[in-house]
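Below: the structure, in structure tokens.
The values are calculated or read from the model by the stated rules, or taken from the named source; none is laboratory data. Keep in mind that this is a model prediction, so the values were computed, not measured. Ideal geometry is used to build each Cβ from the backbone, glycine not excepted, and the neighbour counts take in all protein chains shown. What goes into the accessible areas is simple: the full protein's heavy atoms, side chains included, and nothing from ligands, DNA or RNA. Shrake-Rupley method; radii C 1.70, N 1.55, O 1.52, S 1.80 Å.
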Amino acid sequence: MRILYYLFLGIVFGFVMTKSEAISWYRIQEMFRFESFHMYGIIGTAVVLGVIGIALMKRFDVKTYKGSELNLKNKDWSVPRYLFGGTIFGLGWALTGACPGPLFTLLGQGIWAIGVVILSAMLGTYVYGAVRSKLPH
Amino acid sequence: MSWLSGSWHWSVSGAMIAATMFLLLYAGRTFGFSSNLRTMCSIAGAGKRHAFFDFDWKAQRWNLVFAAGAIIGGYLAFFVFPNPEPVEISASTINWLAGMGITAPADTGSSSSYVPPELYATDQIFTLRGLVALVGGGFLIGFGTRWAGGCTSGHAITGLSNLQLPSLIAVIGFFAGGLLMTWLFLPFILAI
């Protein structure tokens, strides 16, 4: 049954990302050219509601359905890791017009070329895993 | 039922993305899509070569199921409840793209209006431009997201919602990289 819960959430997420056009390469270019508020509206709404929701969950000590603490671990402090890694990610995001969620959602549209991007993103992750001890963290 | 097929307002979409995050937190999970790439490397056997992939990936199965759902959701939204209108972007973006020979969403014909055929038509896999954009772009995504420890869902949505400074730095990086690509490198790559 728990599998169905995650499957359902994933279906809703893919549906929303498609209907909001957030998975469109065109929307990503429009965002980085500051020629529409649309994408900023989506991310901004999610973050504002997210900040309020998580603050309320902490304030009222909301637990998971199992009664354990929420899975909100603090990220380790670093600047180069987030700045360099983030910038490299951003280059790929704007080039392909997709971040990891949309990569999978676009596959549902039958855009087979996106399979190449997914395989190559796996390769990028693999190479990171191979050289990570040499990178600043 | 027309609300199901038309495009959705940004506020509705933003609220539903936040709801997805809350429902994953309630289940004891966290909203982070790019972890799946690491899991997929582990399943493919990368743990034998590098310790980074030698972890109990079975604990991440829920996230793969979530990803499978995202594919199904994309299928349903595109084929079962299709939007009769093409992706609607601003006229200035269309003009800028037209100057580089990129088809506008309204003119993509029988292919999806979400992506330009100049990069995403299946035969582009075998052109130099397509290879640079698809293979190069994918590599940057996979390498960058793992180094940064998260992607748009993990940092921009979850991390910022939890007021984490590292996530803000990562998001600044996302935008620095995105602006560099769109304004500086993309015109050259599209001209290949």
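The table below gives the values:
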read-out	value
Condition broken by B:A170, with the remaining ones in (1) facing chain A (nearest Cβ under 7 Å); (2) touching a residue at least 24 places away in the same chain (Cβ under 8 Å) satisfied	(2)
Selected residue [more than 7 Å from chain A (Cβ to nearest Cβ) and either at pLDDT 95 or above or under 22 Å from A:F8 (Cβ atoms) (or both)] from B:G32, B:G74, B:G69	B:G32
Restricting the stretch A:72-87 to residues that are in a loop (DSSP other than H, G, I, E, B) and open to solvent by 40 Å² or more (accessible area, probe 1.4 Å), the residue that is farthest from A:L56 (Cα to Cα)	A:V79
Any hit, the stretch B:92-112, residues being farther than 30 Å from B:S167 by Cα, outside any helix (DSSP H, G or I), facing another protein chain (nearest Cβ under 9 Å) and open to solvent by 40 Å² or more (accessible area, probe 1.4 Å)	yes
Unique residue being at positive phi and crowded, with 24+ Cβ neighbours inside 10 Å when the list is A:G67, A:G90, A:G97, A:G110	A:G97
Failed criterion for B:P187 (all others in (1) in contact with a Cys (Cβ under 8 Å, 6 or more places away or on another chain); (2) surrounded by fewer than 23 Cβ atoms within 10 Å (Cβ to Cβ); (3) not aliphatic (A, V, I, L, M) hold)	(1)
Selection count where residues are in contact (Cβ under 8 Å) with a residue 60 or more places away in the chain and either polar (S, T, N, Q) or under 17 Å from B:L119 (Cα atoms) (or both), scope the stretch A:105-130	3
The stretch A:24-43 - residue that is within 7 Å of chain B (Cβ to nearest Cβ) and β-branched (V, I, T) and, of those, least open to solvent (accessible area, probe 1.4 Å)	A:I42
Residue match in the stretch B:41-60 (condition: of a type in the set (D, E), farther than 30 Å from A:K66 by Cα and in contact (Cβ under 8 Å) with a residue 12 or more places away in the chain)	no
Residue check for B:M16: farther than 22 Å from A:I111 by Cα and in contact (Cβ under 8 Å) with a residue 60 or more places away in the chain	no
Residue in the stretch B:67-80 that is in a loop (DSSP other than H, G, I, E, B) and open to solvent by 40 Å² or more (accessible area, probe 1.4 Å) present	no
Number of the exception - B:V115 against (1) assigned to a loop (DSSP other than H, G, I, E, B); (2) touching a residue at least 24 places away in the same chain (Cβ under 8 Å); (3) open to solvent by less than 50 Å² (accessible area, probe 1.4 Å); (4) under 21 Å from B:W8 (Cβ atoms)	(2)
Residue match in the stretch A:62-85 (condition: under 30 Å from B:P117 (Cα atoms) and in contact with a helix residue (DSSP H, G or I) (Cβ under 7 Å, 6 or more places away or on another chain))	yes
